[in-house]
1. Hey, can you tell me all the residues within the range A:305-320 that are buried (at least 22 other Cβ atoms within 10 Å of the Cβ) and in a helix (DSSP H, G or I)?
2. Given (1) in contact with a Gly (Cβ under 9 Å, 6 or more places away or on another chain); (2) buried (at least 20 other Cβ atoms within 10 Å of the Cβ); (3) under 29 Å from B:ASP163 (Cα atoms); (4) within 14 Å of chain B (Cβ to nearest Cβ), where does A:ALA275 come up short, assuming only one miss?
3. Taking strands (runs of 3 or more DSSP E) that fall entirely within the range A:28-105, which contain at least 2 residues that are of a type outside the set (Phe, Trp, Tyr) and more than 20 Å from the chain's Cα centre (by Cα)?
4. Here's a check for you: in the range B:178-204, which residue that is surrounded by fewer than 17 Cβ atoms within 10 Å (Cβ to Cβ) and aliphatic (A, V, I, L, M) is nearest to B:TYR45 (Cα to Cα)?
5. Would you be able to tell me the number of residues in the range A:127-156 that are more than 7 Å from every other protein chain (Cβ to nearest Cβ), more than 26 Å from A:ILE259 (Cα to Cα) and part of a strand (DSSP E or B)?
6. For the range A:76-89, check the following and say yes or no: at least one residue is surrounded by fewer than 21 Cβ atoms within 10 Å (Cβ to Cβ), more than 10 Å from every other protein chain (Cβ to nearest Cβ) and touching a Ser or Thr at 6+ places or on another chain (Cβ under 8 Å).
7. Give all pairs with beta carbons closer than 7 Å in which a residue from the range A:306-327 that is facing another protein chain (nearest Cβ under 7 Å) meets a residue that is of a type in the set (Asp, Glu); count only pairs at least 6 apart in sequence or on separate chains.
8. For the condition crowded, with 20+ Cβ neighbours inside 10 Å and at pLDDT 95 or above, what is the one hit in A:THR141, A:THR149?
Amino acid sequence: MSQENGILIIAESTQSGDLKPITGELFAAASGLSESLGEPISVALIGQGVSAKAQDAINLGASKVYVVDNSIFQNYLNETYTEAVISIASQANPRIILMGHTPNGRELGPSVAVRLETGIATDTSGLSISDGKLEATRSLTGGLFRQKTGFPKFPNIATVHMKAYDVPEPSAGLTGEVIEVTVAIDANNLRSKFVNHSEAVSEGIKIEDAKIIICGGRGMGGKEEFDTLYDLTEVIAESAVAATRAAADSEFCGQDLMIGITGKVVSPEVYFAIALSGASQHMAGCSGSKNIIAINKDPEANIFKESKYGVIGDYKDVVPAFLDELKKLEG
Amino acid sequence: MRIIVTAKQVPDPEAPQSSFSVDSATNTVLVAGSVPAAISDMDSYAAEAALRIKDEVADTKVSVLSLGKDHVLDVIKRPLAMGADELFLIQDEDLANGDAIAIANTLATAIKKIGEFDLIMCGRQSADLDQGIVGTALAAILGIPVLTNAVGVRLNDDWIEIDRIVEDGIDTVAAKLPALVTVSNEIGAVRYATMRGIMAARKVQPTIWGKEDLGVIEETDPFTTVVDLFAPENTSNVEMLEGESAADSGRLLAQKLREERLI
């Protein structure tokens, strides 16, 4: 049995086959590891119509691209993608396997780990090598503390926190090996199935893409009050409204606006935190923001420790005056 | 139909942050004695999802399984008070302290002892560790299909169908029973325990198992290790804007953000 070698990245692609940004982020995470180990990076490209994008993976830094391209894999399904990764891993024999901590990656990781009889850490960042093995950091206790995790067994498997790394600039025309992998799977004998996909109906800018986010918490008080946040989006360009889990669970808005440890992870230029305490479960979703602006009537609120600018006061008094002033400064 | 719901008892995450600290010597989280025990909230949503099926399907038994080292009966019986039928507790410190995959192995061993099931429902991730590993790993160990982070759950004959949030919308996926589903808070409100439910739950005797009852669990090397546990440095550098009134502060904020070209 030859020695494990290299870092295998499990790529994610859009319906049209383009590599999703998370794949680039994984390359950023892997490149430091590759340097420390002196071992190459390879990519698993699974889907339908993905072979055409193998060069994109090579241009990000893959020496080898393992391609599983078949209609069976058109849509992600744990049952089929686990088999694909296992088939690829048995050929690649990687030291480390990285996936994004995305809705699919976080589900795929543990299935692969069990099959490969190894351990896994999820939602990690700060990846490094120690004594030929991966070390990775993750949050616990609702985001309050950090744990650096070690991996005694090979391959070391980790899912990587979204937006923990920046997508690197791809090079052009690099060379690499493309290896087609056949997966022994009987499409007629699956015990699960993909039924359908429905697009999110989002009015305006998607939260994950917004340059500025206006997030309301439970302190907004109610649905009508929460809706006043939309007034801000009319004056602040490139902004979107979001919510804490407490606000969403209280039905001030839809669950799709939720940011936090079980919601969306964002890293906008500006994050308005309005009438929210800044509990660590929420901060886990927005701590990547470049500038956090807090408005809260509780001077002890944790959010003030996390912000760039803060105003102590009832948002009902602060925000209308803030808005009026913005309009004045505009005109 | 039999549904097994896994539930983890955790220190109440709503407790003040100051109740939690790190013991650097042992790399563990210390919890103040004043912090009450609670069921990890996603597990309550899993119980709720199971009970909604029980509401619809005659002859459904909901069995709750919990691995822990210091179960508080009133707390861990909550799903019974909500309407679940029986409770299995595995009580062992070493097993409870295991890494996620080790825990999944323990639960799998217990489930084989419990017997036949149609569906297993788990919270998508625990309130104290948020790893989201155990449910999926458990399915892989048992060799059954898994569907995770369900925001909607529907039973169609012998298939279970769920909706799950993906980056650009919702995927609907389904699995043939027996299967495992992990459940998220978006399924909607967890039912209250009724007075009658609480009284009934008091009378239920949980089945309690220790390490020996589960049979030999192979001691292997740990799947992951804790190299370090720490509180991140707080680099608080906030500039507070204070006017003569809240409204005045709001105006100052607008001016500042414009000055800094942030908006």
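1. Matches in the range A:305-320: A:GLU306, A:TYR315, A:VAL318, A:VAL319.
2. Exception for A:ALA275: condition (3).
3. Once the strands (runs of 3 or more DSSP E) in the range A:28-105 are filtered for at least 2 residues that are of a type outside the set (Phe, Trp, Tyr) and more than 20 Å from the chain's Cα centre (by Cα), what remains is A:41-47, A:64-69.
4. It comes out as B:ALA189.
5. Counting residues in the range A:127-156 that are more than 7 Å from every other protein chain (Cβ to nearest Cβ), more than 26 Å from A:ILE259 (Cα to Cα) and part of a strand (DSSP E or B) gives 6.
6. Yes, the range A:76-89 contains a residue that is surrounded by fewer than 21 Cβ atoms within 10 Å (Cβ to Cβ), more than 10 Å from every other protein chain (Cβ to nearest Cβ) and touching a Ser or Thr at 6+ places or on another chain (Cβ under 8 Å).
7. A:LYS308/B:GLU239; A:TYR309/B:GLU239
8. Details: A:THR141 fails: at pLDDT 95 or above.
A:THR149 is the lone residue from the list that is crowded, with 20+ Cβ neighbours inside 10 Å and at pLDDT 95 or above.
The values are calculated or read from the model by the stated rules, or taken from the named source; none is laboratory data. Predicted model, so just to flag it, every value in this text is computed and none were measured. A quick note on method: Cβ atoms are made from the backbone with ideal geometry, for glycine too, and the neighbour counts reach across all protein chains shown.
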